[in-house]
Ligand SMILES: Nc1ncnc2c1ncn2[C@@H]1O[C@H](COP(=O)(O)OP(=O)(O)O)[C@@H](O)[C@H]1O
Ligand SMILES: [Mg+2]
């Protein structure tokens, strides 16, 4: 049923999940932090006919989650030549919108295990509206025929506001960051214009456009603490990312945001 006779091919290129393999038309994942919620989420997406996410097929004899393998192109490293293409970027914003339209009926599950983050983070005053993907990196999207076709890797999915999800989308596809930390193909882009195009393609509300950049700055500040905490408590890929300097990238991005937030906010509202 699960293509169990096929060869196990390691899937590399992600940052965190150890032991991820492709087996025939499936992938096998060791269950993550919020595996039950992700299972229910993927089942919900299937029930409403959303095709832009893997299907949850069950658990194999080794206790791994079995999901469908989605054929297509993933923009891993080195980045493909098209990574900065505006049509690609717009297709990602459209896919995120379609995902939100599909996920909103899932509601906000209660009794979720607390996210792994340090105690004492300031309250964001940002009530959740839906379960966001929250990790919309090039590695977590499958493209087909030049368009974003599916989101994969729902490990960081959590209840968030639409504005918070758009911060994550713009972080990767705007992108937000100091030039020297960006992939060479993503340098010298017109981020304000791109963020505006993303907001329009998504259909972001005016109140959300107003609060987006202050939220981006608050979230980036938190990200430094959260990444450090995850590196210290979870080790693995988190510790590797920290030792490779992700903390500095976040700090540089904080300076970049302080310098560019007003211009981007103006573009979002113009
Ligand atoms: N369902 C899937 N369909 C197609 N490719 C996948 C799927 N799941 C994972 N992959 C591939 O494996 C890589 C790593 O998987 P991912 O789930 O993102 O792991 P990590 O948690 O380490 O980021 C992805 O970037 C993608 O190339
Ligand atoms: Mg991933």
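The values are calculated or read from the model by the stated rules, or taken from the named source; none is laboratory data. Computed from a predicted model, the values in this text were never measured in an experiment. Methodologically, a virtual Cβ is constructed for each residue, glycine included, from the backbone with ideal geometry; neighbour enumeration extends over all protein chains shown.
Observations on the structure shown:
- Here the condition is being at pLDDT below 95, in a loop (DSSP other than H, G, I, E, B) and either near ligand 1 (Cβ under 10 Å from one of its atoms) or not assigned by TED's automatic domain parsing to the domain that holds residue 102 (or both); of 17, 51, it holds for 17 alone.
- Residue match in region 10-27 (condition: in contact with a strand residue (DSSP E or B) (Cβ under 6 Å, 6 or more places away or on another chain) and surrounded by fewer than 12 Cβ atoms within 10 Å (Cβ to Cβ)): yes
- When the test is whether a residue is in contact (Cβ under 8 Å) with a residue 40 or more places away in the chain and within 17 Å of residue 36 (Cα to Cα), residue 108 passes it.
- Lone unmet requirement of (1) modelled with pLDDT under 90; (2) out of contact with any helix residue (DSSP H, G or I) (no Cβ under 8 Å at 6 or more places or on another chain); (3) near ligand 1 (Cβ under 8 Å from one of its atoms) for residue 33: (3)
- Residue check, residue 192 over 19 Å from the mean Cα position of the chain (by Cα), under 26 Å from residue 85 (Cα atoms) and assigned to a helix (DSSP H, G or I): yes
- Residue within region 97-110 that is within 18 Å of the chain's Cα centre (by Cα), within 16 Å of ligand 1 (Cβ to nearest atom) and buried (at least 18 other Cβ atoms within 10 Å of the Cβ) present: yes
- Residue 176 being surrounded by 21 or more Cβ atoms within 10 Å (Cβ to Cβ), away from ligand 1 (no atom under 16 Å from the Cβ) and not in a helix (DSSP H, G or I): yes
- Contact map, region 72-86: residues that are on the phi > 0 side of the Ramachandran plot paired with residues that are surrounded by fewer than 16 Cβ atoms within 10 Å (Cβ to Cβ), Cβ distance under 8 Å, separation 6+ or inter-chain. Pairs shown: 72/144.
- Meets criteria (over 27 Å from residue 104 (Cβ atoms) and out of contact with any strand residue (DSSP E or B) (no Cβ under 7 Å at 6 or more places or on another chain)) for residue 232: yes
- Answer residue from region 179-189, given it is under 19 Å from the mean Cα position of the chain (by Cα) and assigned to a loop (DSSP other than H, G, I, E, B) and is farthest from residue 268 (Cα to Cα) among those: 183
- Residue match in region 29-41 (condition: part of a strand (DSSP E or B), crowded, with 17+ Cβ neighbours inside 10 Å and within 14 Å of ligand 2 (Cβ to nearest atom)): yes
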